[in-house]
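The values are calculated or read from the model by the stated rules, or taken from the named source; none is laboratory data. Computed from a predicted structure; not experimentally measured. All Cβ positions, glycine included, derive from the backbone under ideal geometry; neighbour counts span all protein chains shown.
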Amino acid sequence: MNLDGFSRGDSPLHHLDPRMKIVAYLPLAVLTALIDSFFQVLLALATALILAGTARIFSRLLLQRLAVVNMFMAFLWLTLPFSVSGEPLLWQAGALSPSIEGTALSLLLTLKTNAIALYTVSLPGTSTVMSLSHAMLHLRFPRKLVTIFYFFYRYIGVISREFSTMQRMLKARAFHATSSLHTVRVYGYFTGILFIRSIERAERVYHALVMRNFTGEFPLLFHFNARGNDIAFLCLMAVVTLTIAFL
């Protein structure tokens, strides 16, 4: 599993100080999640598209990530238009009538979700996880939270490979998923074994760290140096965020 898929690039955003990108990202993402005006949301989405274009991340990988995000939004479209009361949109048939208010709310949430997803990929996503962890320590994030974030990144790939290995084991034994109780039982054992192996791996990693005198904190061996373009970018994003907020 590659969580650094967008960090390899040569765009202006890739060369920015990760601290500035985090500071610019957080208020913009929170503001986008809170606004409820279509005009503001469209402006936020336009900002996200401009950032994505500046980062040069338009690719098949980006479409795959957005497809995963919008797959969850599809469930909203199947429920909200029919559960929010209001004027009927197309037809009136009791509970099966989609409302204008429910459809508008679904559209609003979809636009906001895609804007925040593009922010995430364009700003923190264009830095490596290691540099983001380093930047969060410099920004005085809780050290335990940063440690958990780093170890999640470090070992999610290990668990993913273990998952793939167990899947191949099932295929080697001619297992085919059906709607039977046997399939449910096999998937239950599969999940349980994966969970147990994850715990065993975590225990081995913990003991290895204790043997190396790990105290729960990573020392900062070098420091970032903010340049003029980093400050200019942060000021520009502050202006954009305030503009969206006060329009």
Q: Please work out if Leu139 is at pLDDT 85 or above, under 28 Å from the mean Cα position of the chain (by Cα) and under 30 Å from Ser7 (Cα atoms).
A: yes
Q. Do you know which residues across the range 1-56 are among the polar types (S, T, N, Q), surrounded by fewer than 21 Cβ atoms within 10 Å (Cβ to Cβ) and under 26 Å from Arg227 (Cβ atoms)?
A. Ser7, Ser11, Thr54
Q) Taking the range 29-79 on its own, how many of its residues are without any contact (Cβ under 8 Å) to a residue 60 or more places away in the chain, part of a loop (DSSP other than H, G, I, E, B) and within 15 Å of Ala117 (Cβ to Cβ)? A) 2
Q.
Filter the range 175-202 down to the residues that are part of a loop (DSSP other than H, G, I, E, B), under 17 Å from Phe163 (Cα atoms) and of a type in the set (Gly, Ala, Ser) and list them by number.
A. Ala177
Q. Looking at Ser122, Ser131, Ser127, which is the one that is under 30 Å from Ile244 (Cβ atoms), touching a Ser or Thr at 6+ places or on another chain (Cβ under 7 Å), at pLDDT 85 or above and surrounded by 14 or more Cβ atoms within 10 Å (Cβ to Cβ)?
A. Ser127
Q.
Can you pull out every residue in the range 161-201 that is aliphatic (A, V, I, L, M) and either at pLDDT 85 or above or surrounded by fewer than 10 Cβ atoms within 10 Å (Cβ to Cβ) (or both)?
A. Met166, Met169, Leu170, Ala172, Ala174, Leu181, Val184, Val186, Ile193, Leu194, Ile196, Ile199
(Q) Taking the conditions exactly as written (closer than 27 Å to Met130 by Cβ and within 20 Å of the chain's Cα centre (by Cα)), does Ala46 satisfy them or not? (A) no
Q) Of all residues in the range 61-78 being exposed (fewer than 15 other Cβ atoms within 10 Å of the Cβ) and more than 17 Å from the chain's Cα centre (by Cα), which is nearest to Thr243 (Cα to Cα)? A) Ala74
